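Student: So that we are looking at the same thing, I have put the structure below in structure tokens.
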Amino acid sequence: MQYSVKELLEKGKLLQEVTVQGWVRTFRSNRFIALNDGSTIHNIQCVVDFENMDEQMLKRVTTSAALKITGTLTESQGKGQTVEIQVSQLEILGDSDPETYPIQPKKHSLEFLRENAHLRVRTNAFGAIMRVRSVLSFAIHKYFQENGFFYVNTPIITGSDAEGAGEMFRVTTLDAKNPPLNENGSVQYSEDFFGKETNLTVSGQLEAETFAMSLGKVYTFGPTFRAENSNTSRHLAEFWMVEPEVAFLDLAGNMDLAEDFIKYVLRHVLENCKDDIEFLEQRLIEEEKSKPQNERSEMTLSERLRFVVDNNFKRVSYTEAIDILKNSKPNKNKKFQYLIDEWGADLQSEHERFLVEKHFKCPVILFDYPAKIKAFYMRLNEDGKTVRAMDILFPGIGEIVGGSQREERYDVLVEKIKATGIDEKELWWYLDLRKFGTAVHSGFGLGFERLVLFTTGMTNIRDVIPFPRTPQSAEF
Ligand code: 4AD
Ligand code: MG
């Protein structure tokens, strides 16, 4: 019978004849094949009796060759494994030339692996990361579906700039077979989408709001695009965002929702990805050894995840945060050297990390930001200068969630739109929500890759998305 490696390790019966297909990780002593099929971080050891095997065929058992193996499942004497297969039949499904296969069974740099994004998922670390990513996706849907939310697919191509920040990719139309040419013979790209200016969405929020004002509790989970030319370890040009939106919910309720949601998905991973998390934890321990003692994390990966699940997020207003930053001494080792001195300034990642990693030492929800540094759709507070915004800051990550209670009052919203310089006519449909049955409502956006970063203990966002889209990388 055909099994996955995971099934064999979990429920294979001894002395049973089994078939398994996968890729060779290593082949030792012309006898032990470590086979992996991606179903788990673990390999199954397949023991060949080389005296009874075709010598030419065994030569083709090289790293990453695809094999079909049939044999008897027996107890294993080997360290760290319970069962192995005594091979009776071995079929090479696909050769892999060891001279030219780029991923050697040694430690490669993450840089090198990024250049080979089509093959890096064959390594243990990337296999683990991508399985955890998949489980996290499922947990996100599970949480919302179990809590009465409906999944909405918001447009990818849109005429609106949800954030009003102008960091958009313009969509153009091009007949690739008969492209219109310039006088000098080069392709003339059109500036529009069948006569309209459109862009790739930066957020599904505004459209999700329309659904929240009918279905009550909704969420989107889709790709979003930002034309920011920033080369940081936290930014991608294409990333996935989870955006719940809820009618009749205020800012405090929004914070409760975000906290409950994040804890749920992390708990789900801790319970369902034990082997992968254990592997990633060891990887991190190894990596940290190369750092100076004072920069090493005090907690292991699973302790970090547990800590978030078991402790309350600290809720702090922007104004309180500014006071803390003002009264903090610049850090001696210059990591947090420039601290803020002015109410109204936007927080830089240094400030966020200071608050989370040095001051509170736990996830922090910052709320009630100055209206001037936040998007037009956020609910203005009674003080006339702050809005009901919230950002959730995580250790090692910085901002993981951005959200707010939305401005539900028609007149105030029109004023805010005008002040931003957006033509209110473009947002006629958004304003309609405030004309017909308006109500308090709130939502947030969680950057999915930043969540995967935190969960896997990786440090560069390019390593937690299958094919990272950054200013340097759009090949695949
Ligand atoms: O704070 P942002 O810009 O908020 C919004 O887009 C709102 N419309 C969300 C809402 O209320 N529905 O983005 C939300 C989150 C950030 O907190 C961050 O985690 C992530 O999206 N994010 C990015 N992740 C990777 N690369 C980028 N360039 C990102 N920009 C934002
Ligand atoms: Mg933000």
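Student: Show the residue pairs meeting these rules: Cβ distance below 8 Å; 6+ apart or different chains; first residue within the stretch 165-177 and touching a residue at least 12 places away in the same chain (Cβ under 8 Å) and closer than 15 Å to E238 by Cα; second residue surrounded by 12 or more Cβ atoms within 10 Å (Cβ to Cβ) and of a type in the set (S, T, N, Q).
Tutor: M168/N199; F169/N199; R170/T198; R170/N199; V171/T198; V171/N199
Student: Oh, and also: Does the stretch 405-419 include one or more residues that are surrounded by 23 or more Cβ atoms within 10 Å (Cβ to Cβ), closer than 30 Å to K358 by Cα, touching a Ser or Thr at 6+ places or on another chain (Cβ under 7 Å) and touching a residue at least 12 places away in the same chain (Cβ under 8 Å)?
Tutor: Yes: the stretch 405-419 contains one or more residues that are surrounded by 23 or more Cβ atoms within 10 Å (Cβ to Cβ), closer than 30 Å to K358 by Cα, touching a Ser or Thr at 6+ places or on another chain (Cβ under 7 Å) and touching a residue at least 12 places away in the same chain (Cβ under 8 Å).
Student: State which residue pairs qualify: first residue farther than 13 Å from N43 by Cα and β-branched (V, I, T) and inside the stretch 70-87, second residue outside any strand (DSSP E or B) and at pLDDT 95 or above in any location, beta carbons under 6 Å apart, and separation of 6 or more residues or different chains.
Tutor: Within 6 Å, the pairs are V87/V48.
Student: If you don't mind, another one. Pick from the stretch 379-405 the residues that are near ligand 1 (Cβ under 9 Å from one of its atoms) and of a type in the set (V, I, T): which of them is modelled with the lowest pLDDT?
Tutor: My answer is I397.
Student: Sticking with this one: Pairs needed: first member in the stretch 137-152, in contact (Cβ under 8 Å) with a residue 60 or more places away in the chain; second member anywhere, of a type in the set (D, E, K, R) and surrounded by 14 or more Cβ atoms within 10 Å (Cβ to Cβ); C-beta distance under 6 Å; at least 6 residues apart or different chains.
Tutor: G148/K217; F149/K217
Student: Kindly evaluate E449 against the criterion of being in contact (Cβ under 8 Å) with a residue 24 or more places away in the chain, within 11 Å of ligand 1 (Cβ to nearest atom) and in a strand (DSSP E or B). Don't jump to the end; show me each part of the working.
Tutor: Working: in contact (Cβ under 8 Å) with a residue 24 or more places away in the chain: yes; within 11 Å of ligand 1 (Cβ to nearest atom): yes; in a strand (DSSP E or B): no.
The answer is no for E449.
Student: Of all residues in the stretch 419-452, which are closer than 28 Å to E259 by Cα, of a type in the set (A, V, I, L, M, F, W, C) and away from ligand 2 (no atom under 16 Å from the Cβ)?
Tutor: Within the stretch 419-452, L433, A439, V440, V452 qualify.
Student: For the stretch 386-407, give me each residue that is among the aliphatic types (A, V, I, L, M), more than 9 Å from ligand 2 (Cβ to nearest atom) and more than 14 Å from S317 (Cα to Cα). If you could, list the steps in order and put the result at the bottom.
Tutor: Filtering the stretch 386-407 for residues among the aliphatic types (A, V, I, L, M) gives 387, 389-390, 392-393, 397, 400-401.
Imposing the further condition that a residue be more than 9 Å from ligand 2 (Cβ to nearest atom) reduces the set to 387, 390, 392-393, 397, 400.
I397, I400, listed by residue number.
The values are calculated or read from the model by the stated rules, or taken from the named source; none is laboratory data. Keep in mind that what you see is a predicted model, and the values were worked out from it rather than measured. Here the Cβ is made from the backbone with ideal geometry for all residues, glycine too, and neighbour counts use every protein chain on show.
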